[in-house]
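Everything below concerns the one structure shown next.
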Amino acid sequence: MTSAPHLSTTPPAVTANEQLRTPLRLRLRPNALSTGHVDGAWWPRSRDLAAELPALLAVLAVRLGDIPRVSYNLTEWDTAPRQIAVDGVRVRLSGFWSRPAHTVDVVAGDRRRLTLLLLPPDADPAAAHDSMMSAAERGNTDTVEVLLHGVAAHESTVDARSTCLPEQMFQGVR
């Protein structure tokens with residue numbers, strides 16, 4: 001007697017090295033001459049820089065090419081290593097106390113730089129969306145403080161991945 005094949009309905013386990021396949025929460029200004037304080041906005045899901053950066057750098061590499069350096073404010077993130085490897089490229093992580101708060105600088109191999117507004121992972125989704133859209137406007141010259149006005153960090157019991165905002169708002173990189 002043979003038994004019928006068993007089809008499991010349990011999803012496969014996610015390994016520590018496998019990234020979740022959720023859309024990146026990033027908005028960039030159109031690729032043109034830039035004025036203002038930031039070139040777009042990024043809303044990471046956690047304060048773990050080493051875990052959050054690979055997905056961001058993979059998207060930004062389309063615009064910048066190899067990205068060997070990221071500068072950040074030490075108060076914005078949990079402890080991070082001095083470097084990480086992203087697709088075989090070593091990326092130096094430079095944390096500074098003096099770096100402007102709520103920003104991350106991504107530096108390309110040819111020294112082009114993108115400064116991104118950094119939204120707190122626990123920010124209110126509607127306010128974070130508004131700030132991201134403003135930061136990505138072509139003629140935006142608002143300061144980081146103005147862009148973050150209205151973004152109220154709060155202790156949320158709701159997982160950020162289950163918000164009701166349409167995912168396509170965070171997928172478009174221009």
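Which members of the stretch 80-94 meet the condition of being out of contact with any Gly (no Cβ under 9 Å at 6 or more places or on another chain), of a type outside the set (A, V, I, L, M) and open to solvent by 30 Å² or more (accessible area, probe 1.4 Å)?
Result: 81, 83, 87, 88, 90, 92.
Working carefully through the options 45, 63, 27, find the one that is in contact with a Pro (Cβ under 9 Å, 6 or more places away or on another chain) and at pLDDT 90 or above.
Step by step, each of 45, 63, 27 is checked, and only 45 is in contact with a Pro (Cβ under 9 Å, 6 or more places away or on another chain) and at pLDDT 90 or above.
Residue 142: open to solvent by 20 Å² or more (accessible area, probe 1.4 Å) and at positive phi, yes or no?
In short, no.
Checking residue 146 against (1) in a loop (DSSP other than H, G, I, E, B); (2) modelled with pLDDT under 95; (3) among the β-branched types (Val, Ile, Thr), which test does it fail?
(1)
Name the residues in the stretch 121-143 that are within 14 Å of residue 102 (Cα to Cα) and in contact (Cβ under 8 Å) with a residue 60 or more places away in the chain, would you?
121, 123, 128, 131, 132, 135, 142, 143
Taking the stretch 87-119, which residues are free of Cβ contacts under 8 Å to residues at least 40 places away in the same chain, under 14 Å from the mean Cα position of the chain (by Cα) and in a loop (DSSP other than H, G, I, E, B)?
Of everything in the stretch 87-119, nothing turns out to be free of Cβ contacts under 8 Å to residues at least 40 places away in the same chain, under 14 Å from the mean Cα position of the chain (by Cα) and in a loop (DSSP other than H, G, I, E, B).
The values are calculated or read from the model by the stated rules, or taken from the named source; none is laboratory data. The model shown is predicted, which means the values in this text are computed figures rather than measured ones. With ideal geometry, Cβ positions are generated from the backbone for all residues, glycine too; neighbour counts draw on all protein chains shown. With ligands, DNA and RNA removed, areas are computed over all heavy atoms of the protein, side chains included. Shrake-Rupley method; radii C 1.70, N 1.55, O 1.52, S 1.80 Å.
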